[in-house]
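Read the figures in this text as sums done on the coordinates, not as results from a lab. Keep in mind it's a predicted model, so treat the numbers as computed, not measured. With ideal geometry, Cβ positions are generated from the backbone for all residues, glycine too; neighbour counts draw on all protein chains shown.
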Amino acid sequence: MNTKELFRALQAGEISPETAYVKLAEFLDKRQRSREDSAAESDGPGGKGNELQTRLPAVDWGEIAPGIVQVTMQDRIHKNTFSTELITGLMEAFAAIRSRPDFKVVILTGYDRYFACGGSREGLLALYEGKAKMTDLHLYSLALECEIPVIAAMQGHGLGGGWCLGLFCDFVIMSRESTYACNHMKYGFTPGDGATLILPEKLGNPLAQEILFTGKNFRGSELAARGVGIPILPQREVLPYALELARELAEKPRETLILLKKHMAAPLKARLSEVVEREWELQEKTLVGKPEVLEKMLPAFEPLSGPPSFPEIRHLNARFSGRPVFWLHGEGGGLEGYQTIAQKSGRPFYGIQARGHMTEDAPIRGIEAMASYYLSIIRSRQPEGPYDLGGYSLGGVLAYEVARQLQEAGQEVHSIVMLDTLDRSAWEKVRLSNRTRALQAVNMTLLNRTRRDWPSVREKLIHQEEAGFPGDEEEFLRQLIRLGRERGLSLAKTEEELLRLFQQNLRVQEAFQLDQYPLLPLPDPSGVSCFYFRNQSGLFFGELQPYLTTASDQIAIDHECYWSGWEQLFPRFKLLDASSSSHMTMLFEPAAQADIGKVCEALYAGTDAVRTDR
């Protein structure tokens with residue numbers, strides 16, 4: 001029986017964990033003796049065949065300095081989720097380490113941006129179906145059971161059981177740039193993997209309570225700002241720091257290290273079994289056989305289920321059956337405001353954000369090139385039509401160009417929803433300065449953060465008179481960020497981090513190059529129904545104009561018919577009103593959201609409730 005067979009037998013309940021570990025040790029011992037015999041035959045006396053160096057596809061380990069062994073999780077196919085390959089690789093590595101009396105310290109790390117990302121799709125489905133128990137493997141306690149100290153060099157993301165795996169190590173170093181989460185409650189079931197024991201132990205009870213109950217993601221920098229006592233360093237410094245610590249430990253006698261670890265780990269080990277059993281009792285009530293939980297979990301594994309994976313696409317609702325819906329981002333590059341509309345769709349609803357939005361990736365330049373890239377993303381989810389597209393403002397232009405390219409490729413496009421998208425005649429009537437774009441970027445972020453308190457939202461925004469300070473464009477943006485941090489911008493990010501974030505988003509806006517877009521006709525315009533929502537106020541900025549413009553801007557489109565150009569391009573054009581006070585607030589005002597959501601609910605239900613005749 002090999003290691004994969006052992007794992008599957010354990011998962012199916014055919015053998016106990018104790019029996020599995022005994023058989024694993026026997027298997028490794030036999031394999032090692034076989035390797036040594038083969039090496040002795042090939043290398044002869046004094047050869048390298050007796051040097052233990054296990055190499056596995058998902059887990060690589062080896063001695064990197066005298067007494068120091070590094071275990072690297074590198075299951076790139078599954079992004080270091082707990083796949084069969086990763087689990088068996090870790091079990092083999094730690095079992096082999098136990099047989100080496102010359103090792104003094106272990107460094108456990110991941111690859112690139114990933115440390116360990118918790119349960120795999122197959123593993124969680126097995127739990128959901130009751131075919132496996134969270135208590136079967138005890139993977140989270142591998143480091144705790146190792147007799148020599150283990151250092152978790154968490155250079156990348158740590159999620160769910162993967163974060164717990166790292167926190168159960170004797171020493172923990174995390175990355176400022178990486179994401180950490182105990183995300184069970186995000187999907188509606190209670191935490192496991194010893195999380196309710198180790199998070200309060202390592203992070204402190206108040207913060208652990210928030211992490212466990214909310215299931216929210218936290219950047220390492222946010223945890224550092226909350227006063228976590230664990231070293232949280234720039235990503236590039238995590239592994240060097242761990243290595244320096246390992247060298248210091250390796251100077252100590254092995255027996256001394258073992259005795260001290262045994263003493264200090266004893267309280268945790270004494271409580272762990274009882275805590276994990278209780279966690280599983282709760283998971284049996286909140287996870288096993290709960291379809292609503294499964295619906296929330298599955299989207300997290302979508303990037304792993306089919307090639308290629310695109311970071312720009314987001315699944316915005318909990319629907320999984322039926323033909324997908326795809327909406328493209330607006331000028332800001334993000335998907336703010338689409339989530340509420342997505343909940344009205346009875347089919348999977350995807351948003352596609354701009355490349356480079358909230359990341360350091362280079363933006364795509366030009367509407368046609370953007371649309372071509374987004375078309376690839378869309379067809380990775382839905383290879384054949386008919387397609388349903390949509391977008392707010394500039395997102396409507398992108399949806400149009402995607403539809404045109406799809407039709408050129410012989411595909412059918414069923415519908416496009418445009419939310420107050422300007423036609424070509426109106427593009428030339430809006431000229432905004434770089435300072436205005438910076439003011440808009442900061443204030444729209446504040447608006448998105450405070451939109452739940454809509455009546456008093458203006459109190460949180462920065463007025464153009466407050467933004468009248470001198471200086472170059474970078475200093476202008478810095479001043480806006482300083483004001484914004486007083487009114488709701490993230491305090492977890494530093495001023496420099498926010499500066500880089502807003503500068504990147506301004507580069508994304510520059511990359512649209514709307515003035516160079518030729519706006520070619522559709523190959524089959526009568527094949528597409530266009531549902532166009534205009535904001536019924538007819539105002540572009542409305543009452544928010546002092547917060548979204550500066551004195552040098554030119555805007556001449558209030559109360560103009562800036563949808564007439566689209567009406568001429570679509571024989572099947574439906575003009576609808578949204579109860580919005582301006583173009584800029586259309587996605588945030590509850591009345592406008594209700595108007596848009598009602599139509600989309602009918603459209604994406606496949607009913608005849610929405611007609612395309614005028």
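List of remarks:
- Calculated Rg and Dmax of region 55-284 using C-alpha coordinates, Å: 16.5, 49
- Kirkwood Rh (inverse of mean 1/r, distinct Cα pairs), region 163-231, angstrom: 12.0 Å
- With a Förster radius of 60 Å applied to the beta-carbon distance between E465 and E281, the computed FRET efficiency rounds to 0.50.
- Between D361 and G356, the built amide H atoms are under 5 Å apart, and every one of these is 5 or more places off in sequence or on another chain.
- Packing rank of 198-208, 147-157, 109-119, 524-534, where each peptide gets the mean count of other beta carbons within 10 Å, highest leading: 147-157, 109-119, 524-534, 198-208
- Estimated inter-spin distance, T494 and E201, nm [label 7 Å along Cα→Cβ]: 3.2 nm
- Each Lys or Arg adds one and each Asp or Glu subtracts one; over the other residues with Cβ under 12 Å from the Cβ of C164, this totals -2.
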